[in-house]
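A.B. asks: One structure follows; several queries about it will come next.
Read-outs throughout are calculated quantities, based only on the coordinates presented, and are distinct from any laboratory measurement. Small disclaimer: the values here were computed from a predicted structure and weren't measured. Methodologically, a virtual Cβ is constructed for each residue, glycine included, from the backbone with ideal geometry; neighbour enumeration extends over all protein chains shown.
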């Protein structure tokens with residue numbers, strides 16, 4: 001479970017900015033929060049929503065989480081790929097001369113197997129300039145390791161057991177120690193690596209999501225049924241669907257492969273799974289077959305791709321980050337997706353969702369608590385600033401949508417006069 005994420009000097013974020021999923025001391029919508037038996041003093045939010053104008057930095061926040069996750073899962077593979085420059089391009093803030101010479105920093109506080117961890121790292125000139133990990137197994141901080149620029153500047157706590165010296169020796173300057181330790185199956189560090197790899201999901205708008213839902217549905221009958229039920233509830237006119245085996249149906253679709261840290265996206269062609277949807281006609285015993293890609297709307301395809309990721313996240317207690325949740329979809333569908341995470345019956349494992357959106361109909365006191373709403377806007381120096389609705393101390397019954405559209409909370413575009 002995620003408690004908070006912080007980023008500094010990455011793309012449009014210059015100063016350190018923090019997104020917190022720790023619940024405030026509010027009484028409304030208690031089912032939108034949860035606590036763990038090992039952390040009764042801490043309640044976490046099941047979801048958070050982020051608003052802001054175009055180009056404010058919302059997507060950059062999702063990119064920051066994506067960069068951190070990719071560094072943890074893949075930096076060992078990238079390390080040394082280029083002897084001259086390396087693959088790490090942390091993309092610091094560009095609109096001043098000072099930021100280019102300062103480190104880019106990422107940090108997450110999260111819970112794995114009931115233990116709270118605080119892990120982060122900094123990147124400077126394409127190498128790891130710092131890395132640290134603290135654990136709180138008994139609420140008291142244990143500083144497991146702190147990494148400096150050189151091996152002799154590293155410090156380890158006696159609480160971190162197992163091999164350390166040899167792991168330091170094989171850790172390249174452009175690889176994370178956490179990644180190396182997991183490669184060698186370090187007993188204490190591997191579960192932390194696995195949390196980033198398996199429980200942090202970045203969901204984009206690419207059609208790769210459609211391919212994911214199709215393949216999972218083909219492989220797992222229960223997963224297929226859950227997706228089919230969601231399609232029915234969404235009132236898309238789809239009674240069921242079938243998957244032609246992946247690899248057998250010809251397709252020119254592109255899919256995204258692992259992203260190197262320079263920000264590029266490797267693409268390849270392969271035969272994709274073919275999805276056929278079934279629509280009922282007047283005779284309830286019959287159905288008409290449609291091709292998902294050729295015949296269904298972009299919104300239907302978007303929902304089909306998202307719902308598969310959604311079902312997986314709810315089943316695995318993952319933290320999902322979604323940019324532009326409302327893209328191509330009706331507001332009732334975005335509301336359906338959000339409320340799935342906030343329903344304890346549908347989300348008994350306490351999965352979490354962080355979404356950016358322009359759909360202001362979600363600014364409703366019956367959907368989100370005040371501590372679940374966040375904004376991003378750029379300051380006078382074009383640096384993104386992330387802040388909470390709570391900073392404005394809104395009333396419990398305040399009309400949030402009306403207040404936001406009126407500019408009460410900022411994070412609104414200022415449109416000038418157009419002359420032709």
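A.B. asks: Return P(r) of the stretch 371-420 (all Cα-Cα pairs; 10 Å bins starting at 0; whole %; ordered from short to long distances).
C.D. replies: Computed distribution, short to long bins: 21, 48, 23, 7, 1.
A.B. asks: Compute the convex hull volume of the Cα atoms of the stretch 50-158, divide it by the residue count, and report the result per residue in Å³ as a whole number.
C.D. replies: 154 Å³
A.B. asks: Right, here's the next one. Which of these values of percent of Cα pairs over 34 Å apart was calculated from the structure shown: (i) 53; (ii) 36; (iii) 24?
C.D. replies: Label (ii) holds the value from this structure.
A.B. asks: Mind giving me the nanometre distance, one decimal, between the label points for residue 112 and residue 330, set 7 Å out from Cα along Cα→Cβ?
C.D. replies: 4.2 nm
A.B. asks: Give me the angle, in degrees from 0 to 90, between the Cα long axis of helix 221-233 and the longest principal axis of the Cα atoms of the chain, rounded to the nearest 10.
C.D. replies: The angle comes out near 60 degrees.
A.B. asks: Still on this structure, I have one more. Note the full-extension length gain between residue 415 and residue 283 as 0.36 nm times their separation in residues minus their Cα-Cα distance, in nm to one decimal.
C.D. replies: 42.3 nm
A.B. asks: Still on this model: Could you give the angle, 0 to 90 degrees to the nearest 10, between helix 58-78's Cα long axis and the longest principal axis of the Cα atoms of the chain?
C.D. replies: 60 degrees
A.B. asks: Roughly what angle does helix 208-219 make with the longest principal axis of the chain, taking Cα atoms, 0 to 90 degrees, to the nearest 10?
C.D. replies: Between the helix axis and the principal axis of the chain, the angle is about 70 degrees.
A.B. asks: Mean-square fluctuation check for the chain, GNM, Cα pairs under 10 Å: which of 18, 361, 213 is largest?
C.D. replies: 361
A.B. asks: Still on this structure, please answer the following. Within the chain, what percent of beta bridges assigned by DSSP are antiparallel, to the nearest 5?
C.D. replies: If we restrict to bridges inside the chain, about 80 percent are antiparallel.
A.B. asks: For residue 188, put the label point 7 Å out on the Cα→Cβ axis and report which residues of the stretch 144-159 keep their amide N under 13 Å from it.
C.D. replies: Taking a point 7 Å out along Cα→Cβ of residue 188, the residues of the stretch 144-159 whose backbone N falls under 13 Å are 144-146, 155-159.
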